[in-house]
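Enquirer: Have a look at the structure that comes next, please.
Only the coordinates and a few stated rules stand behind these numbers; no lab work does. Owing to the predicted nature of the structure, the values given are computational and were not obtained by experimental measurement. All Cβ positions, glycine included, derive from the backbone under ideal geometry; neighbour counts span all protein chains shown.
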Amino acid sequence: MSDMRTFPEAASARPDAEAPAAPLSAGPRGRRTGAAPLSNDSRIAVDIRGLVERGEMDEARDRFGELVALHQRRASRIAYQYLRDAGEADEAVQDAFVKVFTHLTSYRETWPFEVWFTRILINGCLDRRKARTRRDRWFVPGEPSSADEARLAATDAAPDPERRLLARERRARLAAAVERLDGRQRAVFTLCHYGDCTPREVSAMTGLNESTVRVHLFRAARKLRGLLGGKP
């Protein structure tokens, strides 16, 4: 089964790797020239990088909480779709934030912070999946626990038990169908549907052309319709 690491440029998702060159002119330290203003999270990341470089660690940690607040919910959705275990997804998200803070001095604003962070998160999730596969050779994998289901439903709980049950069943059917997609289709669909990423952002994360991302997304949606009983 293929995964994100099979994509072109996927190795650059490591926090200590240089990001692919952006199609923008760049000045010293990767600062963009003649480009649109930085997004809010990228601007915060640059500010924190400066604090770390000046040794102002207490203030840097305080400011980093702003980035955590901006990205935690979205990161949790992405991690859960990869790991299908709420506890492990939480750990993956926390590990990603720790890794980002530790390597923040390597961040360059030619690379949107959201994209940089998401690639680090996804690679961490893939590492966990591979480790779990090795563990599962010795254990029988169990079903997601009721606690996992409760945590997943916490943000969109239905007003009555019947509707909650139906919503849980729909999520379970969709998750099972997504797992049947091939590696690239599954990754693209997960990033777009659960990570709220645009095809352009997915292109930056995976190294695929934006048009190729759109093709994978279209094929994934078509296959899911067929798997879920609709017209393929």
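Enquirer: Mind checking which of C197, V178, V213 is farthest towards the positive end of region 163-232's charge dipole, using Cβ charges of +1 (Lys, Arg) and -1 (Asp, Glu) about the Cα centre?
Expert: V178
Enquirer: For S106 paired with R173, estimate the spin-label separation in nm (one decimal), with each label point 7 Å from Cα along the Cα-to-Cβ line.
Expert: 4.4
Enquirer: Which of W111, W116 comes first, and how do the rest follow, when ranked by fewest Cβ neighbours within 10 Å? List each step's numbers first, then the result.
Expert: Details: W111 21, W116 26.
Going from sparsest to densest Cβ surroundings: W111, W116.
Enquirer: Now, a different point. So what's the net charge close to G195: Lys and Arg +1, Asp and Glu -1, counting the other residues with Cβ under 9 Å from its Cβ? Please list the in-between numbers first.
Expert: Working: positive: R74, R77; negative: D196, E201.
Local net charge: 0.
Enquirer: Of the peptides 213-223, 197-207, how do they stack up when ordered by the mean number of other Cβ atoms within 10 Å, highest first?
Expert: Numbers: 213-223: 17.9, 197-207: 20.1.
By packing density, highest mean first, the sequence is 197-207, 213-223.
Enquirer: What does the charge dipole of region 163-232 about its Cα centre add up to, to the nearest 20 debye, if the Cβ of each Lys and Arg holds +1 and the Cβ of each Asp and Glu holds -1? Don't jump to the answer; show the numbers that get you there.
Expert: Numbers: 16 positive and 6 negative charges, 98 e Å.
Its charge dipole is roughly 480 debye.
Enquirer: Let's test the formula: R0 of 30 Å, r as the Cβ-Cβ distance of D127 and A69. What FRET efficiency results, to the nearest 0.05? Mind showing how you got there, number by number?
Expert: Details: r = 25 Å, r/R0 = 0.84.
Calculated value: 0.75.
Enquirer: Here's another thing I want to ask about it. Based on the mean of other Cβ atoms within 10 Å per residue, sort peptides 180-193, 93-106 so the most packed one is first.
Expert: Values: 180-193: 20.5, 93-106: 17.4.
Highest to lowest by the protection proxy: 180-193, 93-106.
Enquirer: Based on the Cβ-Cβ distance from S211 to R163, what FRET efficiency comes out when R0 is 30 Å, to the nearest 0.05?
Expert: On the way: r = 39 Å, r/R0 = 1.31.
With R0 = 30 Å, the Cβ-Cβ based efficiency is 0.15.
Enquirer: Over region 163-232, what is the relative contact order in percent, taking alpha-carbon pairs closer than 8 angstrom and at least six residues apart? Present the calculation step by step, with values, prior to reporting the outcome.
Expert: Working: 48 pairs, mean separation 22.9, N = 70.
It comes to 33 percent, rounded to a whole number.
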